[in-house]
Amino acid sequence: MSTIENLKIKKKNFQLSIKHWEILDEGIHVLMGPSGSGKSTILKAMIGIEDIQSLNWFYKGEDLALLPVEKRNLGAVFQTWDLFPHMTAFENVKFAADVRKMKSDDFNSQWEWLQEKLKMKTFASTLADRLSGGEKQRTAFARAIVTKPRFLLLDEPFSALDADLRHESRLLLRDLVRAQKIPTLMVTHDLDEARLLADKMTQIDEVTEILR
Amino acid sequence: MKHFILFLGFIFLFLFVSHVNKNQSLLTGDQKPVIKVFAYSSFTSKWGPGPQLKTLFEQKCNCIIEFVEGSDSGILLQRLKVEGQKLGADLVVGFDQFDLQKATVEMSWRALDFSKIDADSQIKAAMKNEYFVPYDWGVLSFVARKSSGISMTLSLDDLMQTQFASKIALQDPRTSSVGLQFLMWVLKVKGEEEGFEYIKKMMKQVHSYSPSWSTAYGLFKSEQVDIVLSYVTSPLFHQIEEKNSDFVALEMIEPQPLQVEFAGIPSFCGNCEKAEEFINLMMSPEGQKILMEKNYMLPVLKNVRTGTPFDSVKVPFRLLEIEFPSLTQVESILVKWSEIRREASL
Amino acid sequence: MQRSLLGFAILLFLISPVIFLLFSVTGGFQIQIDELLWAVKNSFFQSFMSAFFCLFFGFIAALGLIKTHQHRPAIHAVLVVLCLIPQFIPVVVVLISVMNGLQPFPMGLPGIIIVHVVSYFGMTAILIQNQAQEVLSQTSQAAQVIGSSRFMFYRKIGFPLLRKDLILIFTYLTAVFFSSFSVPLIVGGGRGTTLEVLIFEKMRLSSDWSPAVILSLVQTALLFVLSFLAIKGRAKFSKQQASLSWLGSYAGVFLILIIMAAFFASFASAVVDGLSQIGNLSIYGTDLIEAFLASLFLAFLTYSAVMGFLFAFCGLGRVPHYLDTFLNGYIAPSTALTCFGLLVYFPADFYWSYIKIPLAFLLLSLPSLYRLGWGEKLKSLDPQIQIARSLGAGSFQILKKITWPQMKSHSRFMSGLVATWVCGDFAISRILSTRDFTLGLIVESLMTSYRLSLASLLSLLLILASGLCFFIVLGLDYVDNRKFKN
């Protein structure tokens, strides 16, 4: 288990705190809650891109919150995927590998596997801003996990897809994280999604205190 | 792409090197002393007297003249105050009688000997100071086109006639010495109280108060206005350069004001003797002729005009005495003018 | 920490001329309230009226650009060039041409408005057309299919959607005209003095610059307030590019052609006048060629300075809130104050002109470039920067791989625009340099020595230099984009 402790966030119109929360360190842990309940804020705080007052995140004996963002070795996929539009799908994924100074042999084998698994061969050389929604999402996943991060954080990654693609994508994700054995925290407000994917589910009001 | 950038970089370098090289050779040529002359831009431009005086002087002095420009005497004085000592100003050219007090208050100057200058009698009063030598002068008047049908003789009060409504180009006395000359002229001939009343009426009558002489003259040349405040020598420029005799300087009934241009040497000069020699050149018959022909102003020395087209310039019989108003005087007059301007626009 | 320092350094850099002057002036910092209020009133009045008419004519002209954008690209390109020409031509040349063309020319407020409109209506039209393309693409197709008329569309959909953008453009124009200097100085007639002209008068006349510094701070504060009254621009950039030609009108095309034809006709008559005296230019000899090259060189230096600064700015990644707030408010710094500040700080030798002039242009143009869309484009990359950071990318990696590749083209255009302004400048160069070494300065010297027609003739060379400058920049961009696509 990894543990979140003493998380305090103060924003203009609300304050949020988590005293103690245990997250699975394998499989998919889902954080559920309605829109505007602070789920994304918690995720961003864990990544290190949110202004916070305090946080301790213990994972395998290390407090990840003490590390700068780039040293935490995390993968993340947001609702909007945020691909780099001037790069191709391949270049988006390669960027993540270059940043982490991944060895080229490791990258090549990982890339082969991802292409196969995510069916990316047909659009690997296409510029990101010309991809379809499903292709963008798969590219975002590939970019997030190519370097085998210690944790994968997902913020409603399927909400922008249409219904029939969503189901397929969820299953793909589940297979991916199991194959790569990457502990994953996903936030969502969709109960069906949570039931399909979660190895453990947490309702946000079980662990947080919110003051508005 | 790389080749394109390399090509541009090469052009860049070439431009830089050729430009620096040219100026470098001028400046460091043979380790000659460099005399820095602060002057306004029409003095130093190709059309002005500066380049010719520079060539003449450099032939004899074994030195290099470097001009530092300001757009007019006001900017020049500010520039001098900010940079003069850093840059090593040796000579300043282009003050008029309204700048002298200010120049003396803000800086100290080298005393000069004017006793050998055989000046025109009309300009002798300008010699009554220790530091600034007059090198040319002009008489202010209104310039018009003969073809416009305006009377050749006018009084200041005639300018209030309806035929001149929005047809007179004047200059802002805060930013133009010619403009200030007009203001002082009116106050001198009419007295302060009546003078300011006149100025109030003129605010409604005038076409505009341009920031500089050149802008006002531009309005006149493009026929936006019928008359402009300028110099009695202005029509000569059009006769000589443009072969156009349509321009005429009007004769005013009131005594007309003189504008005198001065040169001075700051006390922190590095090449003071050379600077004095340059002034001597400016005051020689040859230098005076150059100043006259390039500046289209009247020479200080006697007899320089004889035999030249400038001989035909009708210097008005009645001229105002040259005065050197104090800084406080000028400032209070300008404050009053600004108030009138403000009220007129409300 | 590094980013905070960089942000703070940028802020300090932008206000550095004011800081130099504050440390060097020793006066009493006293101002006349009556005079201040009068100048503020004049500034507001002339800037609001100029912006209003500019927006009005700009909108009509934009209809012409919209009409020709998709189906008549060649005509559209010509119209865009015509719209931008007054931006490339030195202000004094625009002034001469406009004043030549209107006899008698109405000095004062009407004259100021006319010159401002002629100078900026084209640029306004381009801004409106760009925004219309971004904002109306999605809805226009639907409306067209439904059968809406153009009038109905604008009334019910177009204007409500474009309202924010029009207000933004209006505010930008107001700020530009508020701090306009040459036009009110020359065309204002001396009666309706604006704050910027008053600042110049104070600095020129008096040894005590403290009143000028105070006035400049007042002007900056007013512009801050003005800019915050306007709603901020859009962060999203729409990808959809539907045809809007049914929303355009040929009336706009005719307006552009009529205004520019009148402008060229009066400019041409001044040039033809100058041609009769072309022999007089021989006095310059090879100096004209050198001045041409020097103008280009100065433009390239300025281009490099602006590009370098924008590159460094991109290194911030996410723009700190305080810097974004500052730049949204600090739209139009005082020209007079900036120039005198640099004069006080830098050495006076001639060669320093090559540093001072590009620096002056960088300081004066950057805030308005930021507000004109460069800042919004940078901010739109925030999500990508966040993701890159979460992937572990360092600041320099993000700058090199993510931010700069997407900002380069826009930055190049902005830098090119500033470089062309430098090409034709004389006002700033006159204060900061010590000799006539550029074409702009030579033109101004001609004007100050009776030779107005020659000044107009020589300004053709100026236009050539400015145009050359801008097309080299466009060429760079084209080559770079082709490389990307390949």
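The values are calculated or read from the model by the stated rules, or taken from the named source; none is laboratory data. Values in this document were obtained by computation on a predicted structure and should not be read as measured data. Ideal geometry is used to build each Cβ from the backbone, glycine not excepted, and the neighbour counts take in all protein chains shown.
Could you tell me how many of the residues in segment A:44-59 are of a type in the set (V, I, T) and either more than 12 Å from every other protein chain (Cβ to nearest Cβ) or not in a helix (DSSP H, G or I) (or both)?
2
Given the criteria more than 14 Å from chain C (Cβ to nearest Cβ) and within 19 Å of the chain's Cα centre (by Cα), does A:L118 qualify? Break it down stepwise before answering.
Numbers: more than 14 Å from chain C (Cβ to nearest Cβ): yes; within 19 Å of the chain's Cα centre (by Cα): yes.
Judged against the criteria, A:L118 is a match.
Here are some residues: C:L37, C:L5, C:L21, C:L11. Which one is without any contact (Cβ under 8 Å) to a residue 12 or more places away in the chain and in the same structural domain as C:S295 (by TED's automatic domain parsing)?
C:L5
Please verify whether segment C:46-58 includes one or more residues that are closer than 30 Å to C:F309 by Cβ and within 14 Å of chain B (Cβ to nearest Cβ).
No.
Applying the selection to segment C:103-133, what residues are modelled with pLDDT under 80 and within 30 Å of C:T68 (Cα to Cα)?
The answer is none; no residue qualifies.
Among (1) at the interface with chain C (Cβ under 10 Å from one of its Cβ atoms); (2) under 22 Å from B:D136 (Cβ atoms), which single condition is B:G218 missing?
Here B:G218 meets the rest and fails (2).
Can you name every residue in segment C:373-394 that is over 22 Å from C:T325 (Cβ atoms) and among the hydroxyl-bearing types (S, T, Y)? Show your work before the answer.
First, pick out the residues of segment C:373-394 that are over 22 Å from C:T325 (Cβ atoms): C:384, C:387-394.
C:S390 - this is the single residue of segment C:373-394 that is over 22 Å from C:T325 (Cβ atoms) and among the hydroxyl-bearing types (S, T, Y).
For segment C:190-200, what are the residues that are at pLDDT 75 or above and either among the hydroxyl-bearing types (S, T, Y) or not in a helix (DSSP H, G or I) (or both)? Steps first, please.
Going through segment C:190-200, the residues at pLDDT 75 or above turn out to be C:193-200.
Once the filter is applied, which keeps residues that are at pLDDT 75 or above and either among the hydroxyl-bearing types (S, T, Y) or not in a helix (DSSP H, G or I) (or both), segment C:190-200 yields C:T193, C:T194.
When you go through A:A96, A:A140, A:A124, A:A160 one by one, which is the residue that is at pLDDT below 90 and more than 8 Å from chain C (Cβ to nearest Cβ)?
Exactly one residue qualifies, and that residue is A:A160.
For segment C:59-76, which positions are among the small types (G, A, S) and either modelled with pLDDT under 90 or more than 19 Å from C:F264 (Cα to Cα) (or both)? Give the derivation first.
Residues of segment C:59-76 among the small types (G, A, S): C:61-62, C:64, C:74.
C:A62, C:G64, C:A74 - these are the residues of segment C:59-76 that are among the small types (G, A, S) and either modelled with pLDDT under 90 or more than 19 Å from C:F264 (Cα to Cα) (or both).
Tell me the residue from C:I278, C:I258 that is at pLDDT 85 or above, over 30 Å from C:E196 (Cβ atoms) and of a type in the set (V, I, T), please.
Numbers: C:I278 fails: at pLDDT 85 or above.
One residue alone meets the criteria, C:I258.
Hey, any hits in segment C:165-184 for a residue that's at pLDDT 75 or above, within 14 Å of chain B (Cβ to nearest Cβ) and in contact with a Leu (Cβ under 8 Å, 6 or more places away or on another chain)?
Yes, segment C:165-184 contains a residue that is at pLDDT 75 or above, within 14 Å of chain B (Cβ to nearest Cβ) and in contact with a Leu (Cβ under 8 Å, 6 or more places away or on another chain).
Can you say whether A:L197 is touching a strand residue (DSSP E or B) at 6+ places or on another chain (Cβ under 7 Å) and under 18 Å from A:Q79 (Cα atoms), as far as the supplied structure shows?
It is true that A:L197 is touching a strand residue (DSSP E or B) at 6+ places or on another chain (Cβ under 7 Å) and under 18 Å from A:Q79 (Cα atoms).
Take the residues in segment B:319-335 that are more than 15 Å from B:A119 (Cα to Cα) and in contact with a strand residue (DSSP E or B) (Cβ under 7 Å, 6 or more places away or on another chain); name whichever of them is surrounded by the fewest Cβ atoms within 10 Å (Cβ to Cβ).
In this case the residue turns out to be B:L319.
Of A:A65, A:A76, A:A89, which residue is aliphatic (A, V, I, L, M) and either surrounded by fewer than 13 Cβ atoms within 10 Å (Cβ to Cβ) or at the interface with another protein chain (Cβ under 10 Å from one of its Cβ atoms) (or both)? I'd like the intermediate steps shown before the answer.
On the way: A:A65 fails: either surrounded by fewer than 13 Cβ atoms within 10 Å (Cβ to Cβ) or at the interface with another protein chain (Cβ under 10 Å from one of its Cβ atoms) (or both); A:A89 fails: either surrounded by fewer than 13 Cβ atoms within 10 Å (Cβ to Cβ) or at the interface with another protein chain (Cβ under 10 Å from one of its Cβ atoms) (or both).
Only one candidate qualifies: A:A76.
Could you please find all residues in segment C:78-116 being outside any helix (DSSP H, G or I) and among the aromatic types (F, W, Y)?
C:F105
Would segment B:204-212 turn up any residue that is under 25 Å from B:P299 (Cα atoms) and surrounded by fewer than 23 Cβ atoms within 10 Å (Cβ to Cβ)?
So far as segment B:204-212 goes, yes, one or more of its residues are under 25 Å from B:P299 (Cα atoms) and surrounded by fewer than 23 Cβ atoms within 10 Å (Cβ to Cβ).
Table: residues versus (1) more than 17 Å from the chain's Cα centre (by Cα); (2) part of a strand (DSSP E or B); (3) crowded, with 22+ Cβ neighbours inside 10 Å; (4) within 14 Å of chain C (Cβ to nearest Cβ).
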site	(1), (2), (3), (4)
B:V225	yes, no, yes, yes
B:Q259	no, yes, no, no
B:E276	yes, no, no, no
B:N280	yes, no, no, no
B:F310	yes, no, no, no
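Given the criteria touching a Phe, Trp or Tyr at 6+ places or on another chain (Cβ under 9 Å), surrounded by fewer than 23 Cβ atoms within 10 Å (Cβ to Cβ) and of a type in the set (G, A, S), does C:S380 qualify?
Answer is yes for this residue.
Select from segment C:335-352 the residues that are more than 17 Å from the chain's Cα centre (by Cα) and either away from every other protein chain (no Cβ under 11 Å) or of a type in the set (V, I, T) (or both) and list them in ascending order.
Within segment C:335-352, C:L337, C:V344 meet the criteria.
With the requirement that a residue be assigned to a helix (DSSP H, G or I), modelled with pLDDT under 80 and closer than 22 Å to C:F346 by Cβ, what does segment C:423-448 give you?
C:A427, C:R430, C:I431, C:E444
Out of the residues in segment C:355-403 that are among the small types (G, A, S) and more than 13 Å from chain A (Cβ to nearest Cβ), state the one that is farthest from A:E70 (Cα to Cα).
Only one residue fits best here, namely C:A360.
Find all pairs meeting these conditions: Cβ atoms under 9 angstrom apart; at least six residues apart or on different chains; first residue within segment B:332-346 and more than 15 Å from B:G179 (Cα to Cα); second residue modelled with pLDDT under 85 and of a type outside the set (K, R).
B:E339/C:D34; B:E339/C:E35; B:R342/C:D34; B:R342/C:E35; B:R342/C:T193; B:S345/C:G108; B:S345/C:G192; B:S345/C:T193
Is it the case that segment B:240-249 has a residue that's outside the structural domain of B:Y131 (by TED's automatic domain parsing) and buried (at least 23 other Cβ atoms within 10 Å of the Cβ)?
Within segment B:240-249, one or more residues are outside the structural domain of B:Y131 (by TED's automatic domain parsing) and buried (at least 23 other Cβ atoms within 10 Å of the Cβ).
Taking the options C:L439, C:L468, C:L446, C:L457, name whichever one is more than 10 Å from chain B (Cβ to nearest Cβ), more than 30 Å from C:Q384 (Cβ to Cβ) and buried (at least 24 other Cβ atoms within 10 Å of the Cβ).
Unique residue meeting the criteria: C:L439.
When you scan segment A:74-189 for helices (runs of 4 or more DSSP H) that lie fully inside it, which ones turn up with 2 or more residues that are touching a residue at least 12 places away in the same chain (Cβ under 8 Å), farther than 30 Å from C:S409 by Cα and not polar (S, T, N, Q)?
The qualifying helices (runs of 4 or more DSSP H) are A:104-118, A:163-180.
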